[in-house]
1. Quick one, can you get me the convex hull of the C-alpha atoms of region 307-369 expressed as volume per residue in Å³?
2. Heavy atoms only, probe 1.4 angstrom, no DNA, RNA or ligands counted: give me S331, S4, S150 ranked by accessible area, highest first.
3. Viscosity 1.002 mPa s, temperature 20 °C: Stokes-Einstein D of region 342-438 from its Kirkwood Cα radius, in µm² per second?
4. May I ask you to give the solvent-accessible area per residue for region 184-223, in square angstrom, as obtained with a 1.4 angstrom probe?
5. Aspartates and glutamates within cross-link reach of K531: Cα-Cα under 16 Å, excluding same-chain residues under 8 positions apart?
6. Check which residues have an amide H placed less than 5 Å from V317's amide H, if you skip close sequence neighbours.
7. Tell me which trypsin sites (Lys or Arg not before Pro) from region 110-218 have a DSSP coil assignment and no more than 14 other beta carbons within 10 Å of their own.
8. Can you list the aspartates and glutamates whose alpha carbon sits under 16 Å from that of K27, skipping same-chain ones fewer than 8 residues off?
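The values are calculated or read from the model by the stated rules, or taken from the named source; none is laboratory data. Since the model is a prediction, treat every value here as computed from it, not as a measurement. Neighbour counts are summed over all protein chains in view; Cβ atoms, including those assigned to glycine, are modelled from backbone coordinates with ideal geometry. For accessibility, only protein heavy atoms count, side chains too; no ligands or nucleic acids. Shrake-Rupley method; radii C 1.70, N 1.55, O 1.52, S 1.80 Å.
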Amino acid sequence: MAASMAALLRELEGLKGEFGGTAPRRKLELLSGLHRGRLARAADVLALHEQLCFMRAYPDDAAVLERVEQLLLGFDRRSDVRRFAEGLADSGIAGTPTHYAFYAPTAGWLARRWGDRLHIDWKNFANASQLDELVHHFALWAETPGLDESRDGAREWIERMRGPDETDAAFLVRSFAGLDAGERLANHVYDQLDPPLRLVAGPDTPSRTRPKLAHSRVTFQTGPLRTARPALPAAIRTAPRGVRVLPRRDAARLVDMAREAMVTRGRDLDVFMFGDARDVRLVDSGDGLAFAVFCATPDHRLLLESVYGMLTLKNGVPIGYVLVSALFGSSEIAYNVFETFRGGESGHVYGAVLATAHHLFGSDTFTIYPYQLGDDNDEALQSGAWWFYQKLGFRPRDPAVKRLMRRELAAMARRGRHRSTIPTLRRLARENLYYALGRSRDDVMGELPLRRVGEAVTAAVATRFGSDRRRAGRVLTDEVRALLGLRSLDGWDRGQRLMLQRWAPLVGVLPGVARWSAAERSALVEVVRAKGGRRESDYVRRFDGHRRLRQAVTALARRVARR
């Protein structure tokens with residue numbers, strides 16, 4: 001039986017890229033056999049799960065899709081899943097546990113949703129001794145006599161202090177959130193402590209097995225996958241078939257789906273954790289491909305560039321994610337296809353990613369940060385990510401990297417089987433790659449050292465206020481309001497008021513802003529409001545359309561710091 005089940009699985013895997021003809025009927029037969037039997041190895045259970053997830057995203061027809069969804073719906077009830085649950089830990093399969101040292105915001109989200117299933121992984125808690133002192137800050141003053149004289153450690157005290165229906169992890173996460181230090185400092189201390197957590201599987205805990213956007217229109221796969229590289233100019237200029245703003249409830253569910261996709265794959269990204277459910281758009285790229293696009297809440301936005309998260313969906317199934325940082329008519333793209341779905345339509349999907357960034361932000365130049373290419377990223381090195389982008393048309397601007405690229409291309413021309421070594425790929429990946437839809441510009445993401453904008457603010461604040469940053473914030477906000485003619489903030493919401501405070505020190509050092517026309521200063525006010533508003537992509541358009549502001553920020557970025 002075990003041998004025959006393994007044979008069925010291998011045949012099903014062999015049909016992964018086969019569509020049309022007799023393939024759908026044979027897949028149904030294989031699925032029926034795999035449903036009735038049990039697999040003898042954890043690796044085979046994982047392989048079946050991955051095959052089912054792929055077939056759900058790329059279904060042959062309605063009958064195959066219905067059968068696949070039935071199998072996935074009950075996957076955690078399979079006896080082989082229960083047998084190998086611990087061996088399948090961290091796989092994201094429903095019915096298996098997840099271990100990870102989540103950042104504080106993600107840990108807080110998990111504690112709110114599944115606090116009864118969240119536990120501290122004490123065996124792997126390298127910094128547990130540091131918690132012995134911190135636990136005092138969770139106590140009432142009346143509890144300190146016991147703490148002061150006790151030789152017990154934090155683990156024992158947390159066991160005493162937690163509520164009767166509260167796990168140790170839920171207590172720890174909630175205690176940090178309740179500290180008087182403030183959210184940013186409390187989160188920083190928690191993250192430095194780095195407590196490993198274990199999320200025990202439950203009927204609705206995050207998994208990779210079931211997530212799918214409800215009511216998605218399905219496009220069946222009746223022919224070969226599109227594996228050819230796209231022609232980027234045409235792909236980028238291809239407008240999405242539609243962009244739909246989701247109702248608040250649906251938007252919140254989709255942000256949660258994006259968070260679960262990260263949790264079950266050992267990733268922890270700010271824009272996903274702090275996704276703003278007020279602005280979630282579903283970008284339809286056709287043939288079942290779509291992107292759920294959202295920015296972070298105002299509290300967690302960067303000062304200058306706008307960062308958007310995109311959950312890639314194929315027929316409603318999450319197959320990857322994208323991070324887009326946009327400003328100056330350019331976008332820095334971080335692109336990831338989940339392992340289950342690699343080797344298929346990655347190039348086609350990437351073309352749709354660039355088209356989405358072009359449509360939403362007006363970007364005509366795109367850049368890829370070194371980490372995505374393999375700098376301190378072994379996964380990208382092993383996958384040959386640098387050459388994936390180079391073959392699409394991306395090019396380095398750094399002279400040394402350009403020379404190395406030319407040497408490698410010459411070697412490939414001489415010997416068709418030549419491949420870049422890992423050390424060579426590391427050297428290639430040290431600098432950004434760029435693709436320009438029009439003329440090449442140097443006032444783009446990746447080329448402009450935006451850190452110098454912050455350094456200019458630091459120099460000005462240090463000269464006037466030294467360590468009294470709170471007073472600096474109040475004084476500079478008042479001064480900028482006077483400069484911009486803002487007598488009243490009626491109609492400004494909390495996020496917009498917050499962004500005025502954050503932008504005031506920057507506006508104060510912008511070269512020549514006092515000589516701008518009234519219309520230009522009024523337009524600057526709208527830029528700041530948009531930065532703190534519901535839809536941060538509006539800010540990108542307003543910033544890029546404000547010629548004087550763009551020139552002033554560019555001048556700061558290019559100024560050599562002096563002190």
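1. Details: hull volume 5.3 nm³, N = 63.
Per-residue hull volume (Cα only) is 84 Å³.
2. The most accessible residue leads, giving S4, S150, S331.
3. My calculation gives 151 µm²/s for D.
4. Accessible surface, normalised per residue, equals 55 Å².
5. D276, D279, D299, E305, D493, D544
6. Amide H to amide H, under 5 Å and 5 or more residues apart or across chains, V317 pairs with L213.
7. On the way: sites: R112, R113, R117, K123, R151, R155, R160, R162, R174, R184, R198, R208, K212, R217; in loops: R151, R162, R208, K212, R217.
When the trypsin sites (Lys or Arg not before Pro) of region 110-218 are filtered for loop state and at most 14 Cβ neighbours within 10 Å, R151, R217 remain.
8. E11, E13, E18, E50, D60, D61, E66, E69
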